[in-house]
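Undergrad: Pasting a structure here, questions to come.
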Amino acid sequence: MIDVTAADTTRSRRRTWMTGGVMFVASALLGLGMVTVPGLPFSISQLLFHAGAVVFAIGLGRGGSVTGRRPLGTGAIIALAVWSLIMAPVAWMLVNSAAPTDAGYLSTAAMVSTADQVVSLVLAIIAAVQIGRIAIVPKPWNWAPLWALGAIVVAQLIPNLIAAAGSISDQTLLGALFAVISLISASAVAFLGVVALVLALRPAPGETVVFASQS
């Protein structure tokens, strides 16, 4: 049996939350800058986000996992990362395989997009709820992933509602709307990253931080 002390757990959590937090903030900044690598079907921002999510799920050390390495929450986060990185090249190949005016193309694209959104949302909800319920992350920040997910879902529903109502035909206005949606999504990811960084730097309960004075 391996004994894990409170100090070991604190160090593992700080390493995990610092690393994952930096990756999330970097993902948000690169997402706003639309940084891509030619030839890759997904962006660097996507890679950083999903890699950071896996770091949070597994943890850098036995006590670092935000899900306590429990199967449901941990599996949902890893499955979401794998699913998203698989679907990105599928969508990329679909876009480059047929003319957008082809009826079969439009039907297949709609089906793939819907499947991607539904599976991603279900996995994200499971992961966020598990992180909240397990409460390894200090309260109330254990629910921060669910808050961020809610903001992203609401932002992504807006263009669908507008399209259904047929109230916007101006392409410039539509482009501005999508820019705002991208900003909200990036801000939600950055928020999670900043929360993780603050928690990583915050003294643990009962821990005394000594500042050396200079004479």
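The values are calculated or read from the model by the stated rules, or taken from the named source; none is laboratory data. These figures come from a predicted structure and were not determined experimentally. Glycine also receives a Cβ, built like all others from the backbone with ideal geometry; neighbour counts cover every protein chain displayed. Ligands, DNA and RNA are stripped out before the accessible areas are found, and what is left, the full protein with its side chains, is counted by its heavy atoms. Shrake-Rupley method; radii C 1.70, N 1.55, O 1.52, S 1.80 Å.
Undergrad: Work out the FRET efficiency for W83 and L146 from their Cβ-Cβ distance, taking R0 = 25 Å, and round it to the nearest 0.05. All intermediate terms of the calculation are to be shown ahead of the outcome.
TA: On the way: r = 19 Å, r/R0 = 0.77.
For R0 = 25 Å, the calculated efficiency reads 0.85.
Undergrad: Follow-up. Using the Karplus curve 6.51 cos²θ - 1.76 cosθ + 1.60 with θ = phi - 60°, work out ³J(HN,Hα) for each residue of the range 118-130 in order, rounded to whole Hz, and write x for Gly and Pro.
TA: Working through the residues one at a time gives 5, 5, 4, 5, 4, 5, 5, 5, 4, 4, 5, 5, 5 Hz.
Undergrad: Here is a follow-up. Using a 1.4 angstrom probe on the protein heavy atoms only, could you order V82, V137 from most to least accessible area?
TA: Working: V82 80, V137 15 Å².
From most exposed to least exposed: V82, V137.
Undergrad: Same structure again: What FRET efficiency would be calculated for the residue pair S113, L29, taking the C-beta separation as r and a Förster radius of 25 Å, to the nearest 0.05?
TA: On the way: r = 26 Å, r/R0 = 1.05.
The computed FRET efficiency comes out at 0.40.
Undergrad: Apply the Karplus parameterisation 6.51 cos²θ - 1.76 cosθ + 1.60, with θ equal to phi minus 60°, to every residue of the range 51-58 and state each ³J(HN,Hα) to the nearest whole Hz, in sequence, with x for glycine and proline.
TA: Using θ = phi - 60°, the values come out as 5, x, 4, 5, 4, 4, 5, 7 Hz.
Undergrad: How much accessible area per residue does the range 41-86 have, in Å², with a 1.4 Å probe? Present the calculation step by step, with values, prior to reporting the outcome.
TA: Details: 1960 Å² over 46 residues.
Here the per-residue accessible area is 43 Å².
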